[in-house]
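Worksheet: the structure to be examined is printed underneath.
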Amino acid sequence: MTVLSENLSAGLEETGWTRVCAYADLMPERGACALVDGHQVALFRTFDGGLYAIGNRDPFSGAYVLSRGIVGTRGNEPTVASPMHKEVFSLVTGVCLDDPAVSVPTYRIRVAAGTVEVSLA
Amino acid sequence: MTRLVVVGHGPTAYRLIETLVDRGFDGRITVLGEEPRPAYDRVALTSYLTGKTAEDLTYPVPDGITLSLNARVTGIDREAGVVTTADGHAEPYDVLVLATGSSPFVPPVPGKDLDGCFVYRTIDDLDAIREASRGATAGIVIGGGLLGLEAADALRGLGLETHVVEMGGWLMPRQVDEGGGAVLRGHIEALGLGVHTGAGVKEIVAGPEGRVSGLVKPDGETIEAQVVVFSAGVRPRDELARSSGLAVGERGGIVVDDGMRTSDPAIYAIGECVLHDGMVYGLVGPCFTMAEVAADRILGGEGAFARADMSTKLKLLGVEVAQFGAMDGALDVTFMDPVTGVYQKLFVSDDARTLLGGICVGDATPYNSLKPFVGRELPGSPSELLFTGGPANMDLPDDAQVCSCNNVTKGQICSAIADKGLTDVAEIKSCTRAGTACGSCVPMLKQLLIKSGVEVSKALCEHFAYSRAELFDIVRVRGITTFSQLISEHGAGRGCDVCKPTVASILASLGNGHILDGEQAALQDTNDHFLANIQRNGTYSVVPRIPGGEITPDKLIVIGEVARDFGLYTKITGGQRIDLFGARVEQLPLIWKRLVDAGFESGHAYGKALRTVKSCVGSTWCRYGVQDSVGLAVALELRYRGLRSPHKLKSAVSGCARECAEARGKDFGIIATEQGWNLYVGGNGGFTPRHADLFASDLSTDELIRIIDRFLMFYIRTADRLQRTSVWLENQGLDYVKEVILEDSLGICAELEAQMERHVAGYADEWRAVLDDPDRLRRFVSFVNAPGTPDPSIAFEPEREQVKPVLIPLEPVRA
């Protein structure tokens, strides 16, 4: 889920958002992992600057590695391929495009004043 | 201590001794061999006339055994447990093994003992034949079986006009039927050999000096020749057993039970001298099995020999001949093409459904594709199988496993292709999960697609309509240095896990700096990205380079200390290196720092790149070595380290023809000769083993390196993604690659060499480059918001005094 909102009003009271890193810390087309309330969240910055957050756990292998997969596209959908056995997941919906019965959770993500924030809510 | 005495030292005896030594037999082994030399490879005997030396063929003598040569055993005193030799030596035994082999059968024809008559059995025989051929113009082989044709090939190779005389109605009567024999005859005659079947020998006649001058057939026809070789079958050498009162068969052969024991429980017999269940075996395979069974029994095991499969496939005088299963049946179907000289016959049950056996001449494809069906129901009508090449994918039965990682059979894949209309490998993967784990069956998936009539696109993936080789040329010719430029000008979308690493590899092969520089970092898969190998629990393993497998004690100690300090599981690899498992990403730089400070560098175990150049210890230490294999291996590994390629590259150097480094199983393997080095290419282990092909012989070190430079660069330019040299070489054709590399038929060799020089000059250790760069170092954290926190999902438990991953329980992921 993408919310690119540099202009978010700083005064707005919102709950549930956790600051994880500077936007500049994320390399284009490469993932990173954040630990948020004990949950491993895989963060991705795509080529066009979009941000996505999904669960870091690869449901096929059980290993927490999706943030280390290769980012790309299938059709117009931004994707990540599990580094374990290469199953491809949609960054938008978390659904495995090679096996739509399988999916990973997606999380809300945004940039506020140059800082990336994630919400588990 | 058990005193084991072996009578005879041929291949079977050698296999027995080798097995006993390997399995830790703690008795004393004494071998009494009749020949003046140790055991040698008799199957490859003919190669002795085409350049191999006796030493090449000779098996190594295992340490710790006593071997007496020129020691013919003449008697066994079974009561006293002593054997005596012709020269009066007495050797006591507790266990005796007879491996006396067989002797060539020489039919009782007049003139058989003349000067110029030979048999074809030992190196001495071949020496004598070679000597006699010097002044000769023509030679005759008596016997048109497997060995007879091999002897004929040898005579032809010695420059003689060659004739084959076979008493039976056709050639190779034990392997093929009359129709196959006729086709085989056509091939042999086309090579210029004279074939005389259904022909006995009336006499062998002598010239004025008393030497052989020719052979007279019963019909009076005379064939002129100065050399006659008898190859009319062999007879078990059972005379020693016979005179010692052991049971022998009516028509010869020492009688043994399933444990290879003779009628005296202290005496075993193995090999061609044996009669087991009414059969005498002349093929090396069953004889080796006998040796292994006897060794097992001597060590107290329960091994048993069962009637052996006599299926044969061989290439004689350039003609493929094969036979499998039964040689008769209720029904048979024959395919014959007189133009190409192909004859194929299948024997089937009376309902034409069950395959019983087959015969092939000229093209042995059915041997490979149909032998698995012997005793099973055929996948189509026999005629259809032979005439049309069979239905799609007949080369494997439907229940054969194609993907062993995910246990997917050929049948499941083919029905998925047919029922769901799959058109590419990615669809097969997502539909069946075949090929999604180790990926080694992906080439076979492609084959199944092609055989199913699906046109396989050469396109790399949905983002590029080009093959890897085409992309390589585009990048090289246009001087493209980034993925973004390439995909915007020549592709679509933003790439995927297929095209990104491929392009990353192409950019790296063409020398574009560190693989984690700039945009390149985002192209790498996780192994290249973290310069380590991901393991099943998300940790990584680290392999420092150990060129040629040569390492100092101090460096070994450092590896041990690093593994101990970081709690890493340690294992020796197949490539003579050491793999350290269980490192978390944030530990990697700390581990490298210790290793780099001690003089290590990255071993590129994570990359599609040169892995290792394995070596035997070579002439510096080994008494058999003829060249310094370790020195060459170190030099080659340092030259090609870091070279990115379409797939991993493995190499090895052996210091003599014994080939202890297993160089012929490598992408490029080097075997020392007295004159220099032989280069072999296209070898592979793994999923589809392949012996490397001889590419060039007796090279100087400089010549060798120049040829390898060209070979590797040509492979890197033209191979498909993840295509090993073995498949690439088969697709390109060995002769074509030789023309390009050795004769420069495309005029690109100077360019290939220059490209390799640039690689060598531009090499830098990838680990050190990360340690030296704080920007790159920052990526080595488990959590971007908690750099010091280790991944809590990673845990270990002890096993055999080391750690192993605690695996996260996996609930079913699919509905």
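The values are calculated or read from the model by the stated rules, or taken from the named source; none is laboratory data. Just so we're clear, the structure is a prediction, and the values are computed from it rather than from any experiment. Positions of Cβ are backbone-derived with ideal geometry, glycine not excepted, and every protein chain shown enters the neighbour counts.
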Checklist outcome for this item: Note on segment B:625-677: residues touching a Cys at 6+ places or on another chain (Cβ under 7 Å) and part of a loop (DSSP other than H, G, I, E, B) are B:625, B:626, B:655, B:660, B:661
Item to check | Single unsatisfied condition, residue A:61 versus (1) assigned to a strand (DSSP E or B); (2) at the interface with another protein chain (Cβ under 7 Å from one of its Cβ atoms); (3) not aliphatic (A, V, I, L, M) | outcome: (1)
Next on the checklist: Which condition from (1) over 26 Å from residue B:526 (Cβ atoms); (2) touching a residue at least 24 places away in the same chain (Cβ under 8 Å); (3) assigned by TED's automatic domain parsing to the domain that holds residue B:786; (4) not small (Gly, Ala, Ser) is the one that residue B:626 breaks?
Outcome noted: (3)
Checklist entry - Quick one: how many residues across segment A:98-121 are within 16 Å of the chain's Cα centre (by Cα), within 11 Å of another protein chain (Cβ to nearest Cβ) and under 24 Å from residue B:433 (Cα atoms)? => result 2
Checklist entry - Out of curiosity, is residue B:707 part of a helix (DSSP H, G or I) and in contact with a Phe, Trp or Tyr (Cβ under 8 Å, 6 or more places away or on another chain)? => result yes
Next on the checklist: Among the numbered criteria (1) in contact with a Pro (Cβ under 7 Å, 6 or more places away or on another chain); (2) over 17 Å from residue B:523 (Cα atoms), which one does residue A:45 miss?
Outcome noted: (2)
Checklist outcome for this item: Scanning segment B:654-698 residue by residue, the ones that are closer than 18 Å to residue B:548 by Cβ and among the hydroxyl-bearing types (Ser, Thr, Tyr) total 2
Next on the checklist: Please pick out the residue among A:92, A:80 that is in contact with a helix residue (DSSP H, G or I) (Cβ under 9 Å, 6 or more places away or on another chain) and modelled with pLDDT of 95 or more.
Outcome noted: A:80
Next on the checklist: Quick check on segment B:750-763. Is at least one of its residues more than 39 Å from the chain's Cα centre (by Cα), surrounded by 12 or more Cβ atoms within 10 Å (Cβ to Cβ) and closer than 30 Å to residue B:636 by Cβ?
Outcome noted: no
Checklist entry - Only one of B:487, B:480, B:474 is in a helix (DSSP H, G or I), over 17 Å from residue B:525 (Cα atoms), among the β-branched types (Val, Ile, Thr) and over 39 Å from the mean Cα position of the chain (by Cα); which? => result B:487
Next on the checklist: Suppose the filter is modelled with pLDDT under 85 and farther than 30 Å from residue B:176 by Cα; does residue B:376 pass it?
Outcome noted: no
Checklist entry - If residue B:538 passes every condition in (1) surrounded by fewer than 21 Cβ atoms within 10 Å (Cβ to Cβ); (2) touching a residue at least 12 places away in the same chain (Cβ under 8 Å); (3) assigned to a loop (DSSP other than H, G, I, E, B) but one, which one does it miss? => result (1)
Next on the checklist: Scan segment A:33-44 and tell me whether some residue there is without any contact (Cβ under 8 Å) to a residue 60 or more places away in the chain, assigned to a loop (DSSP other than H, G, I, E, B), surrounded by 16 or more Cβ atoms within 10 Å (Cβ to Cβ) and not charged (D, E, K, R).
Outcome noted: no
Item to check | Out of B:345, B:315, sole residue that is at pLDDT below 85 and at negative phi | outcome: B:315
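Yes or no, residue by residue, for (1) closer than 23 Å to residue A:60 by Cβ; (2) of a type in the set (Gly, Ala, Ser):
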site	(1), (2)
B:508	no, yes
B:511	no, yes
B:526	yes, no
B:529	yes, no
B:532	yes, yes
B:540	yes, no
B:547	no, no
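Residue-wise test of (1) farther than 23 Å from residue B:18 by Cα; (2) touching a His at 6+ places or on another chain (Cβ under 6 Å); (3) surrounded by fewer than 17 Cβ atoms within 10 Å (Cβ to Cβ); (4) in contact (Cβ under 8 Å) with a residue 40 or more places away in the chain.
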residue	(1), (2), (3), (4)
B:251	yes, no, yes, no
B:259	no, no, no, yes
B:263	yes, no, yes, no
B:297	no, no, no, no
Next on the checklist: With the requirement that a residue be away from chain A (no Cβ under 13 Å) and in contact with a Ser or Thr (Cβ under 8 Å, 6 or more places away or on another chain), what does segment B:506-530 give you?
Outcome noted: B:507, B:509, B:512
Checklist entry - Right, residue B:59: without any contact (Cβ under 8 Å) to a residue 60 or more places away in the chain, within 28 Å of residue B:678 (Cβ to Cβ) and under 36 Å from the mean Cα position of the chain (by Cα) or not? => result yes
Checklist entry - Is it the case that residue B:211 is assigned by TED's automatic domain parsing to the domain that holds residue B:278 and either of a type outside the set (Gly, Ala, Ser) or closer than 22 Å to residue B:136 by Cα (or both)? => result no
Next on the checklist: I'm trying to understand the selection: among the residues of segment B:671-703, which are surrounded by fewer than 21 Cβ atoms within 10 Å (Cβ to Cβ) and among the aliphatic types (A, V, I, L, M)?
Outcome noted: B:694, B:696, B:699
Checklist entry - Of the residues in segment A:12-32, how many are charged (D, E, K, R) and either buried (at least 24 other Cβ atoms within 10 Å of the Cβ) or at the interface with chain B (Cβ under 8 Å from one of its Cβ atoms) (or both)? => result 4
Next on the checklist: If a residue counts only when it is away from chain A (no Cβ under 13 Å) and free of Cβ contacts under 8 Å to residues at least 40 places away in the same chain, which helices (runs of 4 or more DSSP H) contained entirely in segment B:749-789 have at least 1 such residues?
Outcome noted: B:749-762, B:774-777
Checklist entry - Looking at segment B:36-50, is at least one residue touching a strand residue (DSSP E or B) at 6+ places or on another chain (Cβ under 6 Å), more than 23 Å from residue B:133 (Cβ to Cβ) and not charged (D, E, K, R)? => result yes
Item to check | Test: residue B:216 is surrounded by fewer than 20 Cβ atoms within 10 Å (Cβ to Cβ) and under 22 Å from residue B:104 (Cα atoms) | outcome: yes
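Here's the yes/no breakdown for (1) touching a residue at least 24 places away in the same chain (Cβ under 8 Å); (2) farther than 29 Å from residue B:459 by Cβ:
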{"position": "B:641", "(1), (2)": "yes, yes"}
{"position": "B:667", "(1), (2)": "yes, no"}
{"position": "B:675", "(1), (2)": "no, yes"}
{"position": "B:691", "(1), (2)": "yes, yes"}
{"position": "B:699", "(1), (2)": "no, yes"}
{"position": "B:712", "(1), (2)": "yes, no"}
{"position": "B:722", "(1), (2)": "yes, no"}
{"position": "B:726", "(1), (2)": "yes, no"}
{"position": "B:734", "(1), (2)": "yes, no"}
Checklist entry - Restricted to segment B:119-149, and to residues that are assigned to a helix (DSSP H, G or I) and within 16 Å of residue B:185 (Cα to Cα), which residue is farthest from the chain's Cα centre (by Cα)? => result B:148
